[in-house]
1. Compute the relative contact order of the stretch 94-153 as a whole-number percentage, counting only Cα pairs closer than 8 Å that sit 6 or more residues apart in sequence.
2. Express the relative contact order of the stretch 81-182 as a whole percentage, based on alpha carbon pairs under 8 Å and six or more residues apart in sequence.
3. Rounded to whole Å and sorted largest first, what semi-axes of the equivalent ellipsoid does the C-alpha gyration tensor of the chain yield via the square root of 5 times each eigenvalue?
4. What is the distance in Å between the Cα centroid of the stretch 94-126 and that of the stretch 132-182?
5. For the pair residue 81/residue 124, report the inter-label distance in nm, with labels modelled 7 Å from Cα in the Cβ direction.
6. Largest first and to the nearest Å, give the Cα extent of the stretch 92-139 along each principal axis.
7. Run the numbers on the chain and let me know its relative contact order in percent, using alpha-carbon pairs under 8 Å that are six or more apart.
8. Order these peptides, 13-20, 114-121, by their mean beta-carbon neighbour count within 10 angstrom, highest first.
Ligand SMILES: [Fe+2]
């Protein structure tokens with residue numbers, strides 16, 4: 001499955017444009033991380049894009065989030081490793097076990113933090129630096145829904161926070177128009 005097909009599939013299940021943008025952003029960071037780590041860029045991109053596919057279906061039920069997503073993706077013939085990572089990104093039920101799962105939990109939470117940094121700069125992502133993100137990371141009331149502990153998981157993959165912010169900003173800049181950012 002390529003990116004276009006995955007986006008089409010995602011739109012079948014998700015109507016909230018902000019959630020679509022969250023998935024696109026997480027996907028871009030996953031792709032950037034895959035490149036850095038020598039992993040399969042297409043596979044990690046798809047994992048990011050599809051990770052919240054069941055979000056509207058389960059209506060916030062965290063006992064089902066990810067598990068329904070797994071079933072949906074399997075029914076469309078996606079590989080088990082992609083479906084498993086989607087299932088296991090629900091950290092109220094699972095701890096990540098492999099690099100893709102660790103990266104997803106970290107990227108899922110960093111994407112919102114970086115975008116929030118851009119929003120307070122008049123949507124200018126081009127003005128967000130790793131230093132900006134570092135400062136906002138420490139301010140726990142800023143984008144409070146972004147779990148800092150999950151972001152820190154990236155260190156398990158040999159990437160420090162500073163580099164992670166840099167990868168995330170550069171990855172998001174490549175698709176900034178899809179996020180309505182400048
Ligand atoms: Fe997410």
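1. Rounded, it is 44 percent for the stretch 94-153.
2. 30 percent
3. 24, 17, 16
4. 5 Å
5. Between residue 81 and residue 124, the simple spin-label model gives 4.2 nm.
6. Principal extents (largest minus smallest coordinate, Cα): 37, 19, 17 Å.
7. It rounds to 22 percent for the chain.
8. 114-121, 13-20
Every number in this text was worked out from the coordinates using simple rules, so none of it is lab data. What you see is a predicted model, and the numbers here were worked out from it, not measured in a lab. All Cβ positions, even for glycine, are placed from backbone atoms using ideal geometry, and neighbour counts span all protein chains on display.
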